[in-house]
Each structure stands twice: as structure tokens, then as C-alpha cells.
1. If DNA, RNA and ligands are ignored and the probe is 1.4 Å, what is the ranking of Met102, Met108 by accessible area, most exposed first?
2. Taking the Cα-to-Cβ direction at Met34 and at Tyr50 and moving 7 Å from each Cα, how far apart do the two end points lie in nm?
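The values are calculated or read from the model by the stated rules, or taken from the named source; none is laboratory data. Source: prediction; values computed, not measured. We place every Cβ from the backbone using ideal geometry, glycine too, and count neighbours over all the protein chains shown. Only protein heavy atoms, including side chains, enter the accessible area calculation; ligands, DNA and RNA are left aside. Shrake-Rupley method; radii C 1.70, N 1.55, O 1.52, S 1.80 Å.
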Amino acid sequence: MRHIQKMETVGQLTGDFAHDFNNMLAIVIGSLDMRRRRRSGAGDDKALRYGDDARERAQRAAMLTARLLAFARKQPLEKVFGPNRLVCSMSEQIYRTVSETMRIEMVMAAGAWRSCADAPQLETPS
């Protein structure tokens, strides 16, 4: 009984932390979006790329908080999604990760079955 109470407390603390952290991330992501809109015509590609990288990292942190909320049982962990959409969402990250001398071609599967899984978990390298 004592172990169950401890786990409930951990779950509640985790949920509270994740909720507050998610609120802070929303502000960071919103600020980076506003900065991008203001700088998009400035021609400073390197600064825009750094801002985009920061936004991507903030979005990944938001996915982590979603996992924490799922752990605290405040939101479902699994979602139904199409695998092609997952691959497309990861393509920009893949292109930035590999060398410019490499050529990547992504071929989507026609009629791919929808999946029920934790998409952020699939995106995370093991």
C-alpha cells in the first residue's frame, strides 16, 4: 500500500512539473516563431538556421513533457498515426544530420497501414 501511495505521489509531481515546463516551452517556441517571422527577410541564413534548430530542440523538449504527462496518466501515450507522416516529419532532421555530400531519397509506401504507437519514442534513436 505504501509503494502505491509513493507511486501516486511521484506521478502527481511529474504531472505538475511537466505541465509547468510545457507552459514555459510554449513561450520559448512562440518567441522563436516571432523572431523567425521578423528575420525571414533579413537574409541572415545562419541566424535563421540557429533559430530553427533552437525551435526544433524546444519542440523535442515539449515531446518529452508529453511523455512525462503520459507517465502521470494525464494524457494518452499512444496515438494513431500514418507511418508516411512520421517519416516526412523526420526528414528535415535527417537532412540536417547527414553530410551535404550524401544524397537521401525517401520513398513513401502507398496504402501504408495506420499505426498505434508512441511516435516520439519511434523518432528517438536507441
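1. Met102, Met108
2. In this crude spin-label approximation the distance works out to 2.0 nm.
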